[in-house]
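Okay, structure first, notes after.
The values are calculated or read from the model by the stated rules, or taken from the named source; none is laboratory data. Note that the structure is predicted; figures quoted are calculated from it, not measured. Here the Cβ positions follow ideal geometry from the backbone for every residue, glycine too, while neighbour counts run over all protein chains shown. Note: accessible area is taken over every heavy atom of the protein model, side chains too, but ligands, DNA and RNA are not part of it. Shrake-Rupley method; radii C 1.70, N 1.55, O 1.52, S 1.80 Å.
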Amino acid sequence: MALRFYNTLTLQLQPFAPERDNTVRMYTCGPTVYDYAHIGNFRSFVFYDLLRRWIRASGFKLDHVMNITDVDDKIIRNAVAQGKSLAEYSEIYTQAFFEDAKLLRLEVPEHVARATEHIDQMADAIAKLGEKGFTYDTDGSVYYRIANFPGYGKLSHNDFSGMKAGARVDVDEYEKADARDFVLWKAPKDNEPFWQTKVGRGRPGWHIECSVMAIQYLGDTLDLHAGGIDLVFPHHENEIAQSEALTGKQFARFWVHAEFLLVEGQKMSKSLGNFYTLRDILSRGYPPEAVRYLLASVPYRKSLNFKFSELKTAETSIERLRNYKLRLETAKFPEGLNEQLVTRTAEAVKSFREAMDDDLNTAEALAAVFEYIRDTNTAMDSGTFLAGNVENAKGLLQLFNSVFDVLDVTRSADALSDAQVDEFIARRQQAKKARDYKLADSIRDELTAKGIILEDTKDGIRWKRK
Ligand SMILES: [Zn+2]
């Protein structure tokens, strides 16, 4: 069975492939940069990263756009409160987002599109919607007339046919199930920042930015549009209404959504005191790889219950994977090739691929890897894992790491390079040879202080990072 995703639009698991020229055109809703992103946001961002990596591992090319929402009600409110310009304020949290994303090893999309750099294109789209009869103006703001778009509700599978025409909502923050005509262009209030465009003075609403930037970079029809489940309605429903009214074509063939993240069994909220940014978690001493691993290990359509104890478990799992890799790289195995293990490796690769192809079932993919590690560790202990089996096993680990990306240790800026560590070890070996054990011990202590652990094994010295 080939790659398939659960499509929110059809409520079905469907085989997935790009529509043309082997390139997947993908759009994901990015951060609103009014504050540091929280762990619930990062569940979606890690999901996007897994999507990217597995689409590529499936032999497709990628053209991926992610937006940065750098103008909205909250950003304006916070910027004003701090006496900063909109650009000044949003730049701080845009940079913070990129720093966090790097720590979590999120690949950078082919296009990162900032809303404020596409204002004229948004005004053009709103004007065009107006020409087609989908908008009306009130007090300088422009609204989308939902009643004129018969497909409204097809993504969220809600029936809005009985909706009162002309009821409006002009803010960026929506109550769920609040189906009203939404704002496309907001006239400035008081001293709010504004742009002068062909649809007047003001700023774009949140929904129009995604439609406009998606179509600008990817064309009228996307292969895949992803987001968190809370975006299905109204945000994605509104994106469809705008885009399809503009182009007359289907906006996205596949819609995929990541479920909610709970913290210790409860909805995350500032009032409950269980609201965590990535920075909060890392400041407690957890490595970013553990956060990445935990967020990736629960299949995206299951709600994820984030617990600190699970971060510990994630650290242990990563440790096992790294120790296995180290054993493969440093142990001396008997010559030859164990054909049974060749078959065993092929099975593990197949299980891993099948699990990922099945709507990114990361839990089963991980299970396939750990069963393989257990079996081959046993074979190593009993001497039946042979030198000829090493490359195969490394191949499986590489496949795993091309998606999960947790094998490398996150190093601090002042960490030793591999070559520097090797130099220390060589000096220590020389000291031992010269029977200067005091010097040998002090070199070992120095390495320990720098986070490098030495192990004397029957096959010689091996080392790892703490
Ligand atoms: Zn969006």
Residue separation times 0.36 nm, minus the C-alpha to C-alpha distance between residue 81 and residue 312: what's the value?
-> 79.3 nm
Largest-first ellipsoid semi-axes for the stretch 1-114, taking √(5λ) over the Cα gyration tensor eigenvalues, angstrom | 32, 14, 13
Nearest 5 is fine: what % of DSSP beta bridges in the chain come out antiparallel, could you say?
-> 50
Which FRET efficiency value, to the nearest 0.05, do you get for residue 22 and residue 407 by plugging their Cβ-Cβ distance into 1/(1 + (r/R0)^6) with R0 = 35 Å?
-> 0.75
Computed lengthening from residue 196 to residue 454, 0.36 nm per intervening residue step minus Cα-Cα distance | 86.5 nm
At a Förster radius of 35 Å, what calculated FRET efficiency corresponds to the Cβ-Cβ distance of residue 466 and residue 435, to the nearest 0.05?
-> 0.75
Pairs from 312/432; 438/458; 302/464; 84/249 whose Cα-Cα separation, in the structure shown, is over 31 Å = 312/432; 302/464; 84/249
Local electrostatic count, residue 428, Cβ distance below 15 Å [Lys/Arg +1, Asp/Glu -1] | 0
What order, most packed first, do the peptides 146-157, 216-227, 279-290 have when packing is the mean number of other Cβ atoms within 10 Å of each residue?
-> 216-227, 146-157, 279-290
Sort all Cα-Cα distances of the stretch 391-464 into consecutive 5 angstrom bins from zero, then give the percent of pairs in each bin up to the one containing the longest distance.
-> 3, 13, 20, 19, 17, 13, 9, 5, 2, 0
Taking H as built 1.01 Å from N, whose amide H comes closer than 5 Å to the amide H of residue 5, not counting residues under 5 places away?
-> 14, 16
Describe numerically, in nm with one decimal, the distance between label points set 7 Å from Cα along Cα→Cβ at residue 124 and at residue 10.
-> 3.3
Roughly to the nearest percent, how much of the accessible area of the chain is carbon and sulfur, given a 1.4 Å probe?
-> 49
Cα-only radius of gyration and Dmax that characterise the stretch 169-251, units Å = 13.7, 41
For the stretch 244-298, what is one quarter of the convex hull surface built on the Cα atoms, given in nm²?
-> 6.6
Tilt of helix 390-404 relative to the longest C-alpha principal axis of the chain, in degrees (0 to 90, nearest 10)?
-> 30
So what's the angle, to the nearest 10 degrees on a 0 to 90 scale, between helix 362-381 and the longest Cα principal axis of the chain?
-> 0
Tell me, what is the 1.4 Å probe accessible area of residue 74, in Å² to the nearest 10?
-> 50
Using only Cα atoms, tell me the angle between helix 119-131 and the longest principal axis of the chain; keep it within 0 to 90° and round to the nearest 10.
-> 40
State whether the stretch 268-355 is rounded, prolate or oblate according to the following rule on the C-alpha gyration tensor (a ≥ b ≥ c being the square roots of its eigenvalues): a/c under 1.5 gives rounded; otherwise a/b larger than b/c gives prolate, and the remaining case gives oblate.
-> oblate
Taking placed amide H atoms and a strict 5 Å upper bound, the residues 5 or more places from residue 251 or on another chain that come that close are none
Skip the ligands, DNA and RNA, and give the accessible area per residue of the chain with a 1.4 Å probe, whole Å².
-> 46
Using the beta-carbon distance between residue 95 and residue 280 and R0 = 25 Å, what value does 1/(1 + (r/R0)^6) give for FRET efficiency, to the nearest 0.05?
-> 0.90
Residue separation between residue 216 and residue 171 times 0.36 nm, minus their alpha-carbon distance, gives in nm 13.7 nm
Take peptides 253-261, 107-115, 309-317 and line them up by average Cβ neighbours within 10 Å, highest first, as a rough protection proxy.
-> 253-261, 107-115, 309-317
Percent of all alpha-carbon pairs of the chain at distances over 43 Å, whole number, is 26
Take each of the peptides 41-52, 389-400, average the number of other beta-carbon atoms within 10 Å over its residues, and list them starting from the highest.
-> 41-52, 389-400
